[in-house]
Amino acid sequence: MALELIHTPRLSERTTLRLGGPALAEAVARTEADLDQLAAELPRLGGRPLALGSGSNMLATEGPLDLTLVRPANVQGPVAEHTAVGALVRVGAGYGLPRFLGLCQRMGLSGMEGLTGIPGRIGGAVAMNAGSYGVETGARLTRVRMWTPEGGLVWRQASQCTFGYRRFDAGVGKGFSLIWEAEFALTNDDPVAVRERMEQAYAKKRASQPVTAKSAGCVFKNPECDSAGRLLEQAGMRGKRLGGMAFSEKHANFLVNLGEGTPAQALELLDMGQRAVRLRSGVTLEMEVVVLK
């Protein structure tokens, strides 16, 4: 199967916030042979290469955007290598995170239940070190297979990588890199108990977060020892609306598209939130959502 190339793809059709104009191109890689072709195509396609999964943590401007989107669509796996206490589970970056968690539950493998309710794909979960309810993706990662146009595919042990709050660095250079596969260490448990913990995590999220809305997830990072949502609510931003964009009524740190929102409205509303928190609490909130310009 050859590398799929799409010209002038719209970010509004590729991000969960449903905002954004056209990029230069999109390259969809499904096999390792596609990656060989991708290395030759990127210089010709031009623009800045950007790895894109389900676009669940991105806010794209109206554009046109000087970007070439690179989508890892390898959905092979998961493949489990059983150990004395559990399994090492290897899975492609294009595999959906919710689907992966469900399969682990059915296999009786525990360790990542807290991520239930987080949208997106495995590659994005690793790239952002996605976390929830005390669970971080990087804590269960044993190794990750990275691709660069110059060096091709290479496995990196978790000990060679750097993890932080919504941050991951595999140490493969400062140029463009793509997560292709990941391997996680999980432990044996009763499938019923795993499912119960997943249901509890999802119920908690559903009660406090707009999980079904057009949203990019949390838009600001939590300051040390504090909550961005709490600071925004104190500053009067919960439910604050500008045109078709709003801070969620359920959780003030979630920006939602009510249906007719625009990137300009989204960015202005985020700026309003930052200024309101700075005036109220003296804290400068840092962006967690990635703004594509």
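The values are calculated or read from the model by the stated rules, or taken from the named source; none is laboratory data. If you're wondering where the values come from, they're calculated on a predicted model, not measured in any experiment. Cβ coordinates were reconstructed from backbone atoms using ideal geometry, including for glycine residues, and neighbour counts include every protein chain displayed.
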**Prompt:** If G53 satisfies every condition in (1) touching a residue at least 40 places away in the same chain (Cβ under 8 Å); (2) in contact with an Asp or Glu (Cβ under 8 Å, 6 or more places away or on another chain); (3) surrounded by 23 or more Cβ atoms within 10 Å (Cβ to Cβ) but one, which is the exception?
**Reply:** (2)
**Asked** Can you name every residue in region 47-84 that is of a type in the set (G, A, S) and assigned to a loop (DSSP other than H, G, I, E, B)?
**Response** G47, G53, S54, G55, S56, G63, A73, G77, A84
**Message:** What's the number of the only condition in (1) assigned to a loop (DSSP other than H, G, I, E, B); (2) touching a Gly at 6+ places or on another chain (Cβ under 8 Å) that G117 fails to meet?
**Reply:** (2)
**Complete:** Flagged in region 33-50 as among the basic types (K, R) and in contact (Cβ under 8 Å) with a residue 12 or more places away in the chain, in numbering order, are R48
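Looking at A33, A27, A87, which one is under 21 Å from G152 (Cβ atoms), in a strand (DSSP E or B), among the small types (G, A, S) and at pLDDT 95 or above?
Working: A33 fails: in a strand (DSSP E or B); A87 fails: under 21 Å from G152 (Cβ atoms).
Selected residue: A27, the only one of A33, A27, A87 that is under 21 Å from G152 (Cβ atoms), in a strand (DSSP E or B), among the small types (G, A, S) and at pLDDT 95 or above.
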**Asked** Can you name the residue in region 156-190 that is of a type in the set (G, A, S) and part of a strand (DSSP E or B) and, of all such residues, is modelled with the lowest pLDDT?
**Response** G164
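Identify all residues within region 187-220 that are among the hydrophobic types (A, V, I, L, M, F, W, C) and under 29 Å from A80 (Cβ atoms); write none if there are none.
First, pick out the residues of region 187-220 that are among the hydrophobic types (A, V, I, L, M, F, W, C): 192-194, 198, 201, 203, 207, 211, 213, 216, 218-220.
Of everything in region 187-220, those that are among the hydrophobic types (A, V, I, L, M, F, W, C) and under 29 Å from A80 (Cβ atoms) turn out to be V192, A193, V194, M198, A201, A203, V211.
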**Prompt:** With respect to L103, is the statement that it is among the aliphatic types (A, V, I, L, M), out of contact with any strand residue (DSSP E or B) (no Cβ under 8 Å at 6 or more places or on another chain) and more than 25 Å from S227 (Cα to Cα) true?
**Reply:** yes
**Asked** Would you call G229 among the small types (G, A, S) and either in contact with a Gly (Cβ under 9 Å, 6 or more places away or on another chain) or in the same structural domain as G123 (by TED's automatic domain parsing) (or both)?
**Response** no
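Specify the residue that is nearest to the chain's Cα centre (by Cα); the eligible residues are those in region 244-255 that are free of Cβ contacts under 8 Å to residues at least 60 places away in the same chain and under 12 Å from L19 (Cβ atoms). First the steps, then the outcome.
So in region 244-255, the residues free of Cβ contacts under 8 Å to residues at least 60 places away in the same chain come out as 244-254.
Remaining after also requiring under 12 Å from L19 (Cβ atoms): 244-245.
Values: G244: 23, M245: 21 Å.
Filtering first and then ranking leaves M245.
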